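Q: Please see the structure below; I have some questions.
The values are calculated or read from the model by the stated rules, or taken from the named source; none is laboratory data. Owing to the predicted nature of the structure, the values given are computational and were not obtained by experimental measurement. Quick reminder, even Gly has a Cβ in these numbers, built from the backbone with ideal geometry, and neighbours come from all protein chains shown. For the accessible areas, the whole protein counts, side chains as well, though only heavy atoms, and no ligand, DNA or RNA atoms are used. Shrake-Rupley method; radii C 1.70, N 1.55, O 1.52, S 1.80 Å.
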Amino acid sequence: MALPERLGYRVKRKLLGPPLVTEQLGEERLSNPVAFGVLSPDCISSSAYGSEEILIELLKGGAGLAAFALLLPLTGVILGILVLLLFSYRQVLSVYTKAGGAYVVARENFGYKIAQIAAVALLIDYVVTVAVQLAAGSSAVTSAFPAVGRAFDHHGGLVLSLAVLVLLLYGNLRGIREAGKSFAFPLYFFITMAGLMIIVSVIRHFTGHLPHVPRSPGMMSVKGGGEGAFVDGVTILVLLRAFANGGSSLTGFEAISNGVSAFRPPESRNAKKVLLIMSCTLAFLVGGVSWVAHVTYATPYINGYPTVISQEATNAFGTSTVGRLFFYLMQAASALILYTGGNTSFNGFPFLANFVASDRFLPRQLTRRGHRLVFSNAILVLAGISALLLIATNAVVNSLVPFYAIGVFTGFSMAGYGMAKHFSRTRDRHWRRSVALNLASGITCTIVVAIFAVAKFTEGAWAVVILFPVMVAILIRLNREYREEAEALGSIRPETLSRQPNFSRHVVLLFVQELDLATLGALRYGVTLKATELRGVHFALDTAAARELERAWAHIAPSVALEVVDIPDRRLGRATLELVTREVAEPGTHVTVLLPRRGYAPALGRLLHDRTADKIAAVVGRVPNAAATIVPFDTSRRAGAILAREEKASGRSVRVEVVDRAGDDRTPAPREDDLDRALAADLNPGRDRIATIRSREWVTVHGRIRSVRMQTIADAPMLVCEIVDSTGGLELLFYGRRAVPGLVTGAKVTASGRAQSHHGTLAIANPRYVLDPC
């Protein structure tokens, strides 16, 4: 029979395409051109705003025209760090060919706990990368079309960024191959247009035809400071801030090592090729944009647009029709590469989250592949947090940069130190040179982290400085929880498996909230368990509803006992614990609690209904020799409703026949002389405390009826009422009776008779009783 698919699955299949099976995972590897397109945009696209961020800090600090002179040496220092990282990460890719990156390097060389520093650093970096890239992409669009920036009450850039975030989310949920094909073109398009702009600018400059960018209202001030003036402490702080901002040009460098497993075999060789190409391309573009800004005096605007690179494009291509066409092509390429630069995080973040979650430092849900063989949960988490960050900063790049480079350079530092330790331990060929290289990389990146934390502390870096240790502590705490759970579940010995349980009595308790198809289905299942004793249990929170349930139960399932338990304090969990504990107290007894669970519409059902069955199951699970079984019933299912209608129309009722297996162990019927003596007993003089009663004694007790149930003995009915006082409880047995007027849960009664043992519990058979009106 063909089963209909859920609406949610049909929509997902329509949007994302048919599901990929696990065997196709190997086919979803990246060729080098596609890998360059998927994993490099973040790093390459930073050339569109890295130089501008340096200029912003220099001009904010009052460097004036000196800012354009200082731009080139600062860019040179950043490119020098790029060279160090290139050699260090090529060694990472040589050693760690299946899963690379700072996290894996730190984990293998410093242990799991220290590795969480790298994990937190990179997770933060990936999140901020998405926000920065999308905000910068929106600035590129508003540079070409200023009206977009003024739209939505000057929140046009934010709206545009969030819209593109949704598109990125969709593309990545479709799967890595589709994402690669979609995002490779913008990378090559940007490299072509930016390279053309730089080459045209160089030619026009050396032929004397490259003008300076004209001053316009809204540009940052360039007053004060000559081209060689930077001497006092304030200017040094400005330099440090500018250098820290420029460090954002190197973000995304980690992505290739984190995504090495996505390459086609041989993974290491292909990843190193792509890393070298990416580094050379980045160096050319960052150096070229900085040089053009240096010679043309392209100045950032206070509101963030037009951007520096858009001014350089206007200056290089001119204002003719062809020049304007190339300008718009340049802006389109910038916007596309910046937007798709965020896609690097959508590839790197899920892989990293998978590594960390596999080590049990993040929720294990992040290790699961979804409909299209991608880590869907991690992708959704990344998109959600990035959206919140964009909204909080109104998608302004300069507001996001303070959150940026601390994470990525901390990761670089951990990778450098980890590789240095690796080579000092293995002592391979040229190990001293490798140790020196990686130590230099680690120390340099640590200095950058310190500079960034100090220089940008008041501008927002304080949030990352505080968040960092908190997140590391959270990850370690999650790991401890997982380890404790594993210890609780993993203490299995061979003798434990070989030892079979030996229970002479199996009691099945069906918890009944109301008599409906869900309860009936659970009752039918309970019959198949062939238990020693099967009975229903209803906790009476509403006396009138309990009476109605008893009447309906007697009609539907007269051969199954229904025990009605009074809980005046309404502590359902406590009452469950007491009931199950009392049952398992008899030696050789195992108790199974059946819990009908009604399934409702996913969204509205969770709002309108609680999860009582799950809560009760958790309580039962605490009792030795007891287990809870949840019997689900889908309320949207039509088969049950149709069956009920057919039975109602035909006049047939559902009747469950149960063979009571307790007959062999039932208590003998009391002798006539015992009954006579019980009937003659005086109820008034004294009352015995239940806890002091001994078997075979004649007693008078007073208490409240806590539960009432009907069961069968050799096909004959018997009513069992449990009476309790402040010291304990015993049972009143009425043979041949299905119900006794007045004996209901909550009623107070005084009873007299001979106490005897009944299935390990004190009981009085056919007692004389008086209902207490008080």
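Q: Looking at the range 349-359, can you tell me whether even one residue there is touching a Lys or Arg at 6+ places or on another chain (Cβ under 6 Å) and not acidic (Asp, Glu)?
A: yes
Q: Please state which one of Ile176, Ile198 is in contact with a helix residue (DSSP H, G or I) (Cβ under 7 Å, 6 or more places away or on another chain), open to solvent by less than 40 Å² (accessible area, probe 1.4 Å), modelled with pLDDT of 90 or more and of a type outside the set (Ser, Thr, Tyr).
A: Ile198
Q: Further, regarding this structure: If you check Val141 against the conditions, is it open to solvent by 10 Å² or more (accessible area, probe 1.4 Å), more than 30 Å from Leu362 (Cβ to Cβ) and touching a residue at least 60 places away in the same chain (Cβ under 8 Å)?
A: Judged against the criteria, Val141 is a match.
Q: Just checking, how many residues over the range 701-716 are free of Cβ contacts under 8 Å to residues at least 60 places away in the same chain and surrounded by fewer than 22 Cβ atoms within 10 Å (Cβ to Cβ)?
A: Count: 4.
Q: Hey, can you tell me all the residues within the range 441-456 that are of a type in the set (A, V, I, L, M, F, W, C) and touching a residue at least 12 places away in the same chain (Cβ under 8 Å)?
A: Ile443, Cys445, Val448, Val449, Ile451, Phe452, Ala453, Val454, Ala455 - these are the residues of the range 441-456 that are of a type in the set (A, V, I, L, M, F, W, C) and touching a residue at least 12 places away in the same chain (Cβ under 8 Å).
Q: Also, I was wondering about something else. Could you grab me the full set of residues in the range 366-386 that are at pLDDT 75 or above and open to solvent by less than 20 Å² (accessible area, probe 1.4 Å)?
A: Within the range 366-386, Phe375, Ala378, Ile379, Leu382, Ala383, Ser386 meet the criteria.
Q: How many of the residues in the range 416-464 are not basic (Lys, Arg) and not in a helix (DSSP H, G or I)?
A: The number of residues fulfilling the criteria is 3.
Q: Please work out which residue is farthest from Arg429 (Cα to Cα), limiting yourself to the range 95-120 and to residues that are open to solvent by 20 Å² or more (accessible area, probe 1.4 Å) and aliphatic (A, V, I, L, M).
A: Taking the candidates together, the pick is Ile117.
Q: Turning to a different aspect of this structure: Need the failing condition index for Ile236 against (1) of a type outside the set (Lys, Arg); (2) open to solvent by 50 Å² or more (accessible area, probe 1.4 Å); (3) at pLDDT below 70, just the number.
A: All conditions are met except number (3).
Q: List the residue pairs whose Cβ atoms are under 8 Å apart, where the first residue sits in the range 612-634 and is open to solvent by 50 Å² or more (accessible area, probe 1.4 Å), the second is hydroxyl-bearing (Ser, Thr, Tyr), and the two are 6 or more positions apart or on different chains.
A: Asn625/Thr589
Q: Hey, another quick one. If you check Val83, Val166, Val92, which single one turns out to be open to solvent by 10 Å² or more (accessible area, probe 1.4 Å), over 28 Å from the mean Cα position of the chain (by Cα) and modelled with pLDDT of 85 or more?
A: Matching residue, one of Val83, Val166, Val92: Val83.
Q: Between a first residue in the range 70-98 that is closer than 13 Å to Ile256 by Cα and a second residue that is among the acidic types (Asp, Glu) and part of a helix (DSSP H, G or I), which pairs have beta carbons less than 6 Å apart while being 6 or more apart in sequence or on different chains?
A: Matching pairs, first to second residue: Thr97/Glu267.
Q: Hey, can you tell me all the residues within the range 304-342 that are open to solvent by less than 10 Å² (accessible area, probe 1.4 Å) and either charged (D, E, K, R) or over 26 Å from Ile56 (Cα atoms) (or both)?
A: Scanning the range 304-342 gives Glu312, Gly323.
Q: Just to be sure I understand the filter: pairs with C-beta atoms under 7 Å, separated by 6 or more residues or on different chains, first member in the range 496-517 and farther than 25 Å from Leu595 by Cβ and aliphatic (A, V, I, L, M), second member outside any strand (DSSP E or B) and at pLDDT 90 or above. Which pairs pass?
A: The qualifying pairs do not exist here.
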